[in-house]
Amino acid sequence: MRNARTKLVFGEETYEKLQNAKILLLGVGGVGSFCLDCLYRSGVRDITIIDFDRYDVSNQNRQMHSEMHEGELKVDALKSHYPEVIAIAEKITPDWVEGFDFEPYDLILDAIDDMWAKIALIQKCSPKLICSVGSAKRLDPTKIEVRSIWKTEGDPFASKLRNELRKRKFSGDFSCICSSELPRIKEKGSFVAVTGAFGLAMCSLALRRITKL
């Protein structure tokens, strides 16, 4: 039976919480597409995905299903593989965040790259937020951790994010999927063993939050 082995891990009653969860996933690239696949395979069905980008050749080293859908909108392509998701093709900007209603969702999973949109998300919905920070430029998935945004190490992007939050007098907290491995290069290189593992770690944390395990 589908998901039977997942139910064994979570327990029958607890597993129902996954099936009733309402999740918003922002960004379905190298991190977000693997997170989506994990959520879906684990039995979550009420998932809304938002992204404005299209697949191209440069995506194919790290993004789920990208080699089959070159030129297509990511959200439309992914809906063909995960038909129960709600797919929205929009660019996530600070203005978009300001106007969007996050209230109906149990969790917001942030797998976007834009720092200013992240800051807007954090300020508006940090209690529900799980955020992915720097996954690119690294080789070792065993260095991935879940930490408070105030306690990450080895991640220049997270450090910049903290500095901007301090400027805005943000005093809240939220969990980050992060890596203690220092970036190996300056260019925008990426390795699927790390970016994909970030997405799987984000999914795992989301499911444990929902089920309180």
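Only bridges with both residues in the range 4-211 count here: give the DSSP antiparallel percent, nearest 5.
25
For the pairs Lys79/Lys143; Lys91/Lys212; Lys91/Lys137; Lys186/Lys212; Lys143/Lys188; Lys128/Lys167, note any where the Cα-Cα span goes beyond 28 Å.
Table pairs above 28 Å Cα-Cα are Lys79/Lys143; Lys91/Lys212; Lys186/Lys212.
Would you work out the relative contact order for the range 4-211, in percent, from Cα pairs under 8 angstrom that are 6 or more residues apart?
25
Which one of Met202, Met68, Met115 has the biggest mean-square fluctuation once the chain is modelled by GNM with Cα springs under 10 Å?
Maximum among the listed residues: Met68.
In whole Hz, what ³J(HN,Hα) sequence does the range 42-58 give by Karplus (6.51, -1.76, 1.60; θ = phi - 60°), x for Gly and Pro?
8, x, 6, 10, 8, 10, 9, 10, 10, 6, 10, 7, 10, 6, 9, 4, 5
Report the gain in length on full extension from Phe52 to Ala193: 0.36 nm times residue separation, minus Cα-Cα distance, nm rounded to one decimal.
Extending this stretch completely gives an extra 48.3 nm.
Here, each number is a calculation from the coordinates, and none is a lab measurement. As the structure is a computational prediction, the values presented were derived from the model and not from experiment.
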